[in-house]
Each structure stands twice: as C-alpha cells, then as structure tokens.
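Structure record follows, encoded as structure tokens.
What follows is calculated from the coordinates using simple rules that are stated; it is not laboratory data. Keep in mind it's a predicted model, so treat the numbers as computed, not measured. Neighbour counts run over all protein chains shown; Cβ positions are idealised from the backbone, glycine included.
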Amino acid sequence: MKKNILAVAFLFSCIAFSQSLSAQVRVYVNVQPTTPVIVRPAAPAPGHIWVEHEWVVRNGTYVHVPGYWAVPPPGRVRWIPGHWKKNHRHGFYWVPGHWV
C-alpha cells in the first residue's frame, strides 16, 4: 500500500514539474499575428460566458484558437482575455486569458 501511495505521489510530482516547465516557455514574434474576424454566436443558455480567442504555440509558431461559450468553473465569474505583450529585447509574446 505504501508503495502505491509513493508511486502516485511521484507520478503527480512528475506531471506538475513537466507542466511548470512548459508554462515557462515563451515564443516571441516580431509582428503580432492578425486576428481573424470573429462573429460571436448567441449564447447557448443563460449563465454562459464568452471566452475570447487565444493564441497557442504549436510546433514553435502561434496558432489561432477561436472563442467559445463556456460555463465558468466553480468560484469564477469572469474571463480575462489574453493579450499580446511587448518585450523590448525579444518582440511580442502572448499572455493567455484566465478565469477570475
């Protein structure tokens, strides 16, 4: 039983460590990508909040992910949209949106 608990704890530690490493990687661009025109559909039901579009890094480049309607996670009431931030030495990088 103790071996199982240690194995599970080790597994969660590895996952948490790998996610923290990937979260720290920033990809910089000299010019911000152009956001496509987005038509926001009607909300599917009351209580849904529009989650703005995002830019995610795939294979070393930014890819646009369109917005969508979502039910906020418990304890969260608002979506703070992501934005481009300027780093004067490296260029621009995307700061992801998040729930508050």
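General observations
- Legend: ranking of residues His98, His88 from fewest to most surrounding C-beta atoms inside 10 Å; resulting order His88, His98.
- In this rough spin-label picture, where each label sits 7 Å from Cα along the Cβ direction, the Val56-Arg26 distance is 2.1 nm.
- In sequence order, calculated HN-Hα J values of the range 80-91 (Karplus, 6.51, -1.76, 1.60; Hz; x Gly/Pro): 9, x, x, 7, 7, 10, 8, 10, 4, 8, 10, x
- Whole-Hz couplings from phi, Karplus 6.51/-1.76/1.60, listed for the range 62-75; x for Gly and Pro: 7, 10, 7, 10, x, x, 7, 8, 8, 8, x, x, x, x
- Of the trypsin sites (Lys or Arg not before Pro) in the range 52-100, the ones in a loop by DSSP (not H, G, I, E or B) with at most 15 other beta carbons within 10 Å are Arg76, Arg78, Arg89.
- 3J(HN,Hα) along the range 55-61: 10, 10, 8, 9, 6, x, 9 Hz, from the Karplus curve 6.51 cos²θ - 1.76 cosθ + 1.60 with θ = phi - 60°, whole Hz, x for Gly and Pro.
- In the range 19-100, a dipole from Cβ-located charges (positive for Lys and Arg, negative for Asp and Glu) runs towards its positive end, and of Val31, Ala70, Gly47 it is Val31 whose Cα lies farthest in that direction.
- Fewest-first ordering of Trp50, Trp94, Trp79 by other beta carbons within 10 Å of each residue's beta carbon gives Trp50, Trp79, Trp94.
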